Every structure is written in C-alpha cells, then in structure tokens.
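Below you will find the structure I want to go over with you.
The values are calculated or read from the model by the stated rules, or taken from the named source; none is laboratory data. Because the structure is a prediction, the values reported are computed rather than measured. A quick note on method: Cβ atoms are made from the backbone with ideal geometry, for glycine too, and the neighbour counts reach across all protein chains shown. Remember, those area values only see protein heavy atoms, side chains included, never the ligands or the DNA or RNA. Shrake-Rupley method; radii C 1.70, N 1.55, O 1.52, S 1.80 Å.
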Amino acid sequence: MANSSMGSWPSVGPPTTTSSRQKVTVSPSFISGRGGGGGSSSSGIGQIRHDAAPPTQLQAAASLFAHRRIIPTSSALPLLSVLSPVLFLLLRSILSILSGGYPFLTALLSLSAILYVKSSIRQYAPNDEKRDDALEKSRGRLPLLATLVVGLSFRFVVGPALCFIAAGGTSSSTYGPPSVTLVSLTLAPTLMAVGCRLAVGTAALSFAVVCRYIGWFSIMRGSAIPLRPNPIDMTISALKQRFSSVASFLDAITVPDPTHRNTVTYNGNNSSRAPSRIYGPSSTFNTNRSHEAVALGGRYMHPPLPIWLPQIFWHALAGAIFANVAASHLLPTHAGSEASFGLLLICSITSILTLLLTVLSDGSSHELKTQTFSESLSGTLSVWDTFVSLTVRTLATMQKANLIPYLVLLPTIITIVLFCVGDDTMATPASNDPSGGSVALLSRTYTAFVSAIISFFAAFFISTYLVLSDTLIRRALAAPGLDIDRLLLLLPRNAAADSKTAPFVAEDLIIQSVIWGCGGSGGNYCGSIVKNLAAARLGRDTGPAYSATFDLEEEEVRRNDAAIETVADSMLPSRPPPLIGAGLLEGDVLRLALLETLGGGGQSVGISDDENVLDEVQQFLGIRTRYYIALRKRLLVSEEALARKSRAIQQPLVVPLVRALCAYAGGLGEALLRSCDGQTRQRCIAPSLPPGATTCAELAILAAARLVAMNKKDAATGSGVRCRHSWISLMIPSVLHSAERLRRGVLRYAQNQMDRAGAANLEGDLGNFVAVNCPDLRRLLIVCDEAAVLVLRAVKEETGSRDIEVKVHSVCRTWLSGL
C-alpha cells in the first residue's frame, strides 16, 4: 500500500507532554500489551504491513458466531420432520392408555376446555393484575389438569357407558372400559417413512437457504459501509440521463463526457496545515489523489451475476430433490413419467422463483435489517406469539414478493403444456372398442388434474418453507444477547502462538471487527488503523503539520481526525470490489452483535418498569441492565489492567475501543460526504447506505458516548481509577466531533436522495422528506443528538456549573448550541 495514504497520521514515537514538560519515551503497544512498530516519522507508519485479510482470531470468532446461529436454526425444521411421527405416536399412545381407547376425542375436548377456561379468566377476572397472575399460573398446570380430567372421564365414565349402550344393556359381561394396554402401531412404518422422506426434502431446501448466508457464493450481507452501484446500473442510469429528452441527447453528442472532464481534485495537503488548538474537519486530502475520481464504495449494491448462478443451481437442485424424495410419492400409482417430470420441473422452478422474488426483486432484501428484529425480540414472547409472528411475517414476505399468483399459474401452465404435448396414444380409440379412447382420455385427464393439485401444494410448501427458513435465520442472526467474553473462551487456541504474546481480549475483538468492517473486502489500511488507534501516545512529527509540543486533548483530536480520514479512505477504495468472497456475512453479523451489546437499547427502549436499577449511573444512562453490565465490564477490565502496572504509559484498555468507535462513526459520515460530492460532480448514480451501516453507526456512536458519560459519572461519584477518568475524559471532543461528522454526512446523503427523487419542490423541507421517506436516517440523526446530549449532561453534572465549555471546532460548536 502506498505510504502516502496514511500521511495524515501523526507518527508513533517518543511523546512529549505539555503538563509536565518532561519527555517520556515509550514503545507503542496494542491494547492487550503486544508490542507494535514504532520509531520516528520516517520509519514508523510507512513500514507497517497492511494485511488484506482480517486477523485469524477475528475470522475464527466470526465463523463460530455465525455458524452457531445459522446451522442449528436451519436444522430445526428437518429434525422436526423426523421427530413429528415419533412424537405423534407417543402422544397418541399415552392418550389412548389414559382414555381407554379415545385419544383424538380426548385431545379435542382437552383443547376446548383449556380455551374455555382461559377465556373465562379474561372475562371474569376482577382486575388486570389478578388476570395476569391467573393466566401465568395456568400456563403449565391447566393443560395437564384438563388432559387428566378428560382422559379419566372417558376411561371410567364415557367408555363404559358407550360399551353398555353398544351391548344393548342386556349383557353385564361386556360392561366396563375396553382392555387397552398398548395402541396398535400399524401406521408407524408408514408415518416414519413419510417423516424420513420429508426430512430429506426439507434438509435439501434448508441447505439451499444456508448457502445464501455462508460459503464462497453467499449473497446475504449486513454491510456497514456505503455501497457502490453495479456497473450495469451505472450504464442504465447514464443512458437514461442522456436520452431522457432531445436536449440531453444533443448535449450528449456535442458536449464531452463530464466523467472524463470533471475529475474531482483536492487542493492542498493535510501536512501543510499550520498547527492549531482544536481544528475542524477539513475538505482537503492528499495531493497524490488529485487526479483520481471519487470511489463509490467497497461493495456492490446488488450481488453480481457470478454469485447468483451458483445460488440458482443450488435452489433448482434442492427443488428437484424434494420432488423426487417427498412429493413424487403422492402422485397416483398409474401416473407415468409425464406427471413425474412435470412435478420435478414445477418444484425446481418454484424454488428458483422464490429465491429471485424474495431476495433479488427489490434489490435490498439481501441486506439484513437487524433493527426491527432486535427490538421485537427484546421482550418475552410465548410460543404461540412466536408462531403467530413467524406466520404473519412469512405470509407478508410472500405477499410482498407477489409469490401467490406464480404458485397458482406455474403448476397450471406446466401441467397444461405437458398434457398437450404429451403422449396421446392411450387416448386413440381401438378398432374393436370405440369407447376405449374416451375412457383413456378421461383417465389421462384425471391423472393430469390430480398431478396439478399435488404440484400446487408441493410448490406452495416449497415456497413457504424457503421463506420461513430464511425468516428464522434472519431472526437468529439478529437476536441480541451476545456474551463477548464467553465467545472468546470458545475460540480454538493456536498452538503455534508465541508464549510471550498477550491474550486476545474482548477489546481486541471489538476493535478489529469494527475497523476491518470498514473495508469492502478486508480493508486496505485496516492494520495500520488498528495499530495507530491502539498506540498509547503519538510522537513528535518533524513535518510542518504538527507543532513540537501539544497537549493530550489536542493529540486525541488530531488522532481522531486522522482516523476518520483513513477510515473514509478504506470505505471508498478506488479499485472495484471482488465479486465473490467467503466470510463477509460472518464478519457483518459479528460486528452488529458486538456493537449491540454496548450501544443497544436506546431511548426508544429505555428501562422497563419491572426492571431493577443497579445504581444512579444506570438511571442516568437510561438503559437496561444487560447493556449497563456490558459497559461496566469494559471499564472494570480496564481498571484491572491498570492495576498490574505492566507498561510505561498506563493506557486503559477501553481508550482504544472508544477511539475505534469514534473513527468508524465519523469515517462513515466523511465517506457519505465524499461519495455524495463525487456523485454530484460526476453525474453518476448515487451510492446506497444499507440498513447495516445505519445500525452500526447508531450503535457505535451511542456506545462511545455511554462509555465517556459513564466515566464522567464515576468521576463525579468518586468511584473507579483516577487514571482511567483522565484518559477517557480526553475523548470528549473526539466523540462530539465524530457525532457531528456523522450527522453532517447523513444530512448530505439525505439531501442527495431528495434531489434525486425530485422531491425538493414537493416537500420543500429536508426534515419532512427524512421523516416520511427515510426512517433509518431519521433514527440515526436522533441518535447523534442523543449521544451529544448525553456527553454534555455528564460533563455538566461533574462540573456542577450551568455553563460548560468543551473545546470543539466551530462547526461542531454551532450544532451543539442548537441542542
């Protein structure tokens, strides 16, 4: 990689402190104590190796986390297909022994009794509290009690009465219940065979769904960076712009191509800025990129064609396996190869259509929308509520994709076509039997009709199963509640690792996951970003951009601004992204889960009424206990490391974590500013901001603000280590700058979306457009304001003064004044 791409970073070397005016010499280290490359500005950053692939620990953690959630979820339905016959026979046997030979009537009356009792409780309960208490108590006891009462009633009352009536009331020897010891298992082989065939067919369908998420040709993503348009989309957009009217067509053939003439240039260089106390974000970049066009992202908006072809093959194969193994046995016995081939064709095409219409049709379904699932799963749902939720979401997905008409028309059309072009020798009347041809034609028509009905149900089952499996996997991946420390314990130990290497801690995993997520395929500068963020101090730079001495707060601001610029570079690489790649989704879902543990449960969730608040800090933050414990653990781990005093500069482990969170949030805002400006100059299709990027930015800036605010509250109450308070307090301007940069980038992106939609004259207000058309952007803007207010409130409560002053640049100060 080019060394100049990291030119805005101050070098890592011997630092100087203005507070004591004493020179302190240290060797840079990782957050977990590992040594890093250091030296002067001429031999420091430029010689750091830039790894294109994520670290081994990060890959192992991402793979373990994703596979532990995807594979069990996808295996649940096939396993249920095998166990269903066994459970059915076992339950029927128990009910038959209990009721004396009336298992189905017992089950029906027991269910009716349960529903009647629950409805009576809801109707006659004196108040809501007693109603809820009665329903909670009846959840486990009522089904068991109703089954026992109904079963024993059939065995000792209804059964003997029916036997007496059947005997005519004359023979007393037949009085009594039937002697039933074990239920006849004559249907057991048939049921087990059906269950096994269904399990094999559903396993093939589940495998096709799993291939969407893991493997070299996976299409599902949870991208945390802006997405660039596909080449075909850019070509179509350019043609529409050039041939939309006569005037544009004449301009296209008479005016030179603006993409070749209007290259984006940047005047100036970061290294030529004069030193200042606290400076704002600059619009100038390195001069070595002055003749390069602005890149539009490290990933494509839509999965490219080389990825779709294997997916289509897997789904067609899965549909064919289901047709041969499970559905073909339902055809009439006299059905020939025509019906079997039609069923095979219908099942394969249905599987392909379901993939295309539910994932590819709208161009955004391949990006995980985690915010909705995380909030819906935050509460406690019963089994019935979960079943209803999954059913409603599955049907809504099928209706949105308009699958139902295809499921009706496809079997009908294929059956009619095969009937018309099929073998009609059976319908030809014999010379000695004039009515034989009519009978054969009627039989063939009946077989085709039955095959069409079976094909319709098979197609509906395949489509519903694929959508349901996809919904289950999406919910499993988006489910909150990851324990970072427990995940690290499950990682395999590298036997070849150096014994002197410090252990891989949770802060390492979070930082690497966030920073490596900034690159489209692993990142160009991710290794250098991590090392510069983890360095305890920055050294003296011999260039003119930095003065001989500067205080620690200014150093953190400079480091944050440099990290924002480099993260934006990594999000917007100049080279096209790779078409295929393994491990992209695994890293995406791990990043979302890690950030959710620290930044989840915003103001929209808050603290529930029945939840116990641990202390006043949790009450101040307004978050649930799970998130508060995760944040508190990160601070306590930092204090434990500080107590060892194993390094010359006692940097808390949480400090590089806050730097990484600020760098990602601010870098996303800077990337949006650059990409939208480049799109305006080059007149090309605008980049896209996926749901995963808005969710990650929201969680990152909230997590950084909470850690800083919690540190300030601890300082006000006198708890914690003083060194930790001082280090994290230096990050206050960086958090505010990153929130402001993110907010400005989101507003610029929203303005770009409004201009492209032609809604400027209709809406007249950017705020109205965002509120109506961009709910994700609206939530992200609100989170930026909440993060800034949280930090300012913490600073205000610590100082105790009404007027607080935080050293920020002029643009950020203007924004903070309006809060």
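Going through GLU553, GLU596 one at a time, which residue ends up being open to solvent by 10 Å² or more (accessible area, probe 1.4 Å), part of a helix (DSSP H, G or I), at pLDDT 75 or above and in contact with a Pro (Cβ under 6 Å, 6 or more places away or on another chain)?
Going through GLU553, GLU596 in turn, just one is open to solvent by 10 Å² or more (accessible area, probe 1.4 Å), part of a helix (DSSP H, G or I), at pLDDT 75 or above and in contact with a Pro (Cβ under 6 Å, 6 or more places away or on another chain): GLU596.
So, one more: Residues in the range 373-384: is at least one polar (S, T, N, Q) and modelled with pLDDT of 80 or more?
no
Out of all the residues in the range 208-231, which are open to solvent by less than 10 Å² (accessible area, probe 1.4 Å) and outside any loop (DSSP other than H, G, I, E, B)?
ALA208, VAL209, LEU227
Pick from the range 785-803 the residues that are of a type in the set (Val, Ile, Thr) and either loosely packed, with under 15 Cβ neighbours inside 10 Å or at pLDDT 90 or above (or both): which of them is farthest from LEU736 (Cα to Cα)?
THR799
Turning to a different aspect of this structure: Could you say whether any residue in the range 670-679 is closer than 16 Å to ILE515 by Cβ and at pLDDT 85 or above?
Yes: one or more hits.
Restricting to the range 433-481, count the residues that are open to solvent by 60 Å² or more (accessible area, probe 1.4 Å) and more than 29 Å from SER81 (Cβ to Cβ).
Number of matching residues: 9.
Okay, moving on. So ARG748 ticks every box in (1) modelled with pLDDT of 80 or more; (2) of a type in the set (Lys, Arg); (3) open to solvent by less than 10 Å² (accessible area, probe 1.4 Å) but one. Which box is left unticked?
(3)
Could you say which residue among LEU355, LEU343, LEU309, LEU330 is in contact with a helix residue (DSSP H, G or I) (Cβ under 9 Å, 6 or more places away or on another chain), at pLDDT 80 or above and surrounded by fewer than 21 Cβ atoms within 10 Å (Cβ to Cβ)?
Exactly one residue qualifies, and that residue is LEU330.
Further question on the same structure: Hey, among the residues in the range 196-207 that are closer than 17 Å to HIS67 by Cα and out of contact with any Ser or Thr (no Cβ under 7 Å at 6 or more places or on another chain), which one's most open to solvent (accessible area, probe 1.4 Å)?
By that ranking, first place goes to PHE207.
From the residues in the range 482-524 that are open to solvent by 40 Å² or more (accessible area, probe 1.4 Å) and within 18 Å of the chain's Cα centre (by Cα), which one is modelled with the highest pLDDT?
Residue satisfying both the conditions and the ranking: ASP483.
Related question: Do any residues in the range 444-459 that are farther than 14 Å from GLY201 by Cβ have Cβ atoms under 7 Å from those of residues that are of a type in the set (Ser, Thr, Tyr), where the two are at least six apart or on different chains, and which pairs are they?
Qualifying pairs under 7 Å: ALA448/THR415; SER451/THR415; ALA452/THR412; ALA452/THR415; SER455/THR415.
Sticking with this one: So the check is Cβ under 7 Å with 6+ separation or different chains; which pairs have a first residue in the range 146-168 that's touching a residue at least 60 places away in the same chain (Cβ under 8 Å) and a second one that's outside any helix (DSSP H, G or I) and surrounded by fewer than 15 Cβ atoms within 10 Å (Cβ to Cβ)?
Every condition considered, the pairs that remain are GLY159/PRO178.
Name every residue in the range 87-107 that is in contact (Cβ under 8 Å) with a residue 40 or more places away in the chain, among the aromatic types (Phe, Trp, Tyr) and surrounded by fewer than 16 Cβ atoms within 10 Å (Cβ to Cβ), in order of residue number.
Selection gives PHE88 alone.
What is the one condition in (1) at pLDDT below 80; (2) out of contact with any Pro (no Cβ under 8 Å at 6 or more places or on another chain); (3) surrounded by 16 or more Cβ atoms within 10 Å (Cβ to Cβ) that LYS645 does not satisfy?
Among (1) at pLDDT below 80; (2) out of contact with any Pro (no Cβ under 8 Å at 6 or more places or on another chain); (3) surrounded by 16 or more Cβ atoms within 10 Å (Cβ to Cβ), LYS645 violates only (3).
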